[in-house]
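Single-structure report; data block below.
Since every read-out is calculated from the coordinates, none of them should be taken as a lab result. Since the structure is predicted, the reported quantities are computational estimates derived from the model, not experimental observations. When we count neighbours, we look across all protein chains shown, and the Cβ atoms used for this are built from the backbone with ideal geometry, even at glycine.
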Amino acid sequence: MSDVKVIRMTTGEDVIAKVGENDGGISLNKPFVIIPQQKGPGQPVQLMMSLYNAFGKGDTITVDQDKVVFMNDPKDEIKNSYEQNTSKILTPNKGLITETKLPS
């Protein structure tokens, strides 16, 4: 399976995808663009992911290598979020499951 990478495009977009080699460039499987958002000054920055190829058919696109500025391994939190968004397997939260009202 291909590795999950963060790719900076020449257009300034940061894309996260499973990356593979292709004859004409780099293949991106299930690519998402990473969009940083801040609700206001002094507020923490949150990351939103949106489909990079929202209007095309299929899960894989090919990008010319000259359109890539750099490629890097994503931070663990971002990679986990990406894998949850692209996986068909639902993973439960790691916290304890508790009940607030116990039956009498």
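Data table
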quantity: Relative packing of 73-84, 48-59, which averages over residues the other C-beta atoms within 10 Å, highest first; calculated: 73-84, 48-59
quantity: Point-to-point label distance, LYS79-ILE35, nm (Cα→Cβ direction, 7 Å offset); calculated: 2.6
quantity: R0 of 41 Å, Cβ-Cβ distance VAL69-GLN43: FRET efficiency to nearest 0.05; calculated: 0.90
quantity: Stretchable slack from ASN22 to ASP3, in nm (0.36 nm times residue separation minus alpha-carbon distance); calculated: 5.4 nm
quantity: Relative packing of peptides 7-14, 30-37 - highest average C-beta neighbours within 10 Å first; calculated: 30-37, 7-14
